[in-house]
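Trainee: Mind looking over this structure? Questions follow.
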Amino acid sequence: MLNICISGLGAVGGYYGAMLCKWAQESGEANIYFIARGENLKVINEQGLHIITPTREFTVHPTAASDHPNELPVMDMIILTTKSYDLKDNIKQLQPLLKDSTILLPLQNGADIAEQVKELLPHNEVWMGCTYISSRRNEPGIITLEADRELLYMGKDGFPKTHEEQIYNKIFEKAGINVFNPEDVSMYIRKKYMMISATATATSYYNATVGEVISQHPTEMHKLLEEVYDLFVQMGLKMPSDSIESAYRKQTLMPAHSTSSMHTDFQNGNKTELENLTGYVVHTAKEIGIEVPVYEMMYEKLKQN
């Protein structure tokens, strides 16, 4: 029986962990473990993890949930969903769960997250992954989705797909997850990064919602998208020609009152993903010798917060 662990029970990890738990409880085909902490862990252990969407509501109980990985067995797959700034510490924490064949699937925001994980765990297989989901953990043990249109892209670049990719793709499908395992996963990650990076940078810089930025600063939002698109192209990476307009269109479809998690973290005085979502563009542009003036301006200002 497969052992699957979700490390980080926030809005993303909580939802996908719950979907896998629900399937595992009904099928008996896997053990699902959670790595969580604090009040969130306490509520999950006492009451379960509760999911609320516009069309569904359910509660699940994992095989076990803990903040001490040495209390859990070794894993066949670990899905990483902590914030990107916690990635290095999280990997160190998860050492007791690893065996040579453990597959790591990071779902953090970032253009090079899989590369960061591979650098930390050179002997393990690391897949790429990204998700489109509008979810929030409003209180411990409760995840709320604003819309039932989440998407998950995962796997490795190339075709045909490996036996392991086929296995986990089927598992995710059985769990009711809207999953895709395309030939060019990395391109989907870059497309998402364009949108999430520009949105996070602009909402944080202007201290405004997505709707306010789109209506009041459309030129600057377009420039951010153009700069990160040009960065990927200059790096020699494949990008669809309509990437900029596609990303902007997706931003306009977001709830006008919504904002980015990075903006929320700035508002609450928390650690932020500034380096992965904004700094990456600025630093990489300097390395390859191109200009990204709007990103540079906003990055310098946000560094001061």
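Trainee: Per residue of the chain, what 222 nm ellipticity follows from adding -39500 (n - 2.57) for every DSSP H run with n ≥ 4, rounded to the nearest 500?
Mentor: Estimated from H runs of four or more residues: -14000 deg cm²/dmol.
Trainee: Another question, then. For the chain, report the translational diffusion coefficient in µm²/s to the nearest whole number, using Stokes-Einstein at 37 °C, 0.692 mPa s, and a Kirkwood Rh over Cα pairs.
Mentor: 165
Trainee: Using a probe of 1.4 angstrom, how much of the accessible area of the range 53-161 is carbon and sulfur, in percent?
Mentor: Taking all protein chains in place, the range 53-161 shows 48 percent carbon and sulfur surface.
Trainee: If you stretched the chain out fully between Thr264 and Ala64, how much longer would it get, using 0.36 nm times the residue separation minus the C-alpha to C-alpha distance?
Mentor: 69.0 nm
Trainee: Determine how large the accessible area of Thr59 is when every protein chain is in place; take a 1.4 Å probe and give Å² rounded to the nearest 10.
Mentor: 60
Trainee: Sticking with this structure for a sec: Taking GluC sites (Glu not before Pro) as exposed when DSSP calls them loop (any state but H, G, I, E, B) and at most 16 other Cβ atoms lie within 10 Å, what is the longest stretch of the chain free of them, the sites themselves excluded?
Mentor: 30-145
Trainee: Rounded, prolate or oblate, given the Cα gyration tensor of the range 1-78, with a/c below 1.5 counting as rounded?
Mentor: oblate
Trainee: Here is a follow-up. Out of all DSSP beta bridges in the range 1-102, what portion is antiparallel? Express it as a percent rounded to 5.
Mentor: DSSP beta bridges in the range 1-102 are roughly 25 percent antiparallel.
Trainee: In terms of solvent-accessible area of protein heavy atoms at a 1.4 angstrom probe, what is the ranking of Arg56, Arg249, highest value first?
Mentor: Arg249, Arg56
Trainee: About the Cα centre of the range 194-262, what is the dipole size in debye to 20, counting +1 per Lys and Arg Cβ and -1 per Asp and Glu Cβ, all else neutral?
Mentor: It comes to approximately 180 debye.
Trainee: Out of all DSSP beta bridges with both ends in the chain, state the antiparallel percent to the nearest 5.
Mentor: The answer is about 35 percent antiparallel.
Trainee: Follow-up question, since we're still on this one. Might you tell me the accessible area per residue for the range 217-305, computed with a 1.4 Å probe and given in Å²?
Mentor: Per-residue accessible area for the range 217-305 comes out at 51 Å².
Trainee: Cα centroid distance between the range 67-130 and the range 247-305, in Å?
Mentor: The range 67-130 and the range 247-305 have Cα centres spaced 24 Å from each other.
Trainee: Let me ask something else. Please report, as a whole percent, how much of the solvent-accessible surface of the range 247-286 comes from carbon and sulfur atoms (probe radius 1.4 Å).
Mentor: That fraction is 56 percent.
Trainee: Turning to a different aspect of this structure: Would you mind working out the accessible area per residue for the range 21-178, using a 1.4 Å probe, and quoting it in Å²?
Mentor: Ligands and nucleic acids excluded, the figure is 47 Å² per residue.
Trainee: Further, regarding this structure: Between His217 and Arg37, 0.36 nm times their residue separation minus their Cα-Cα distance comes to what?
Mentor: Value of the extension gain: 60.9 nm.
The values are calculated or read from the model by the stated rules, or taken from the named source; none is laboratory data. Predicted model only: the values in this text are computed from it and were never measured. With ideal geometry, Cβ positions are generated from the backbone for all residues, glycine too; neighbour counts draw on all protein chains shown. For accessibility, only protein heavy atoms count, side chains too; no ligands or nucleic acids. Shrake-Rupley method; radii C 1.70, N 1.55, O 1.52, S 1.80 Å.
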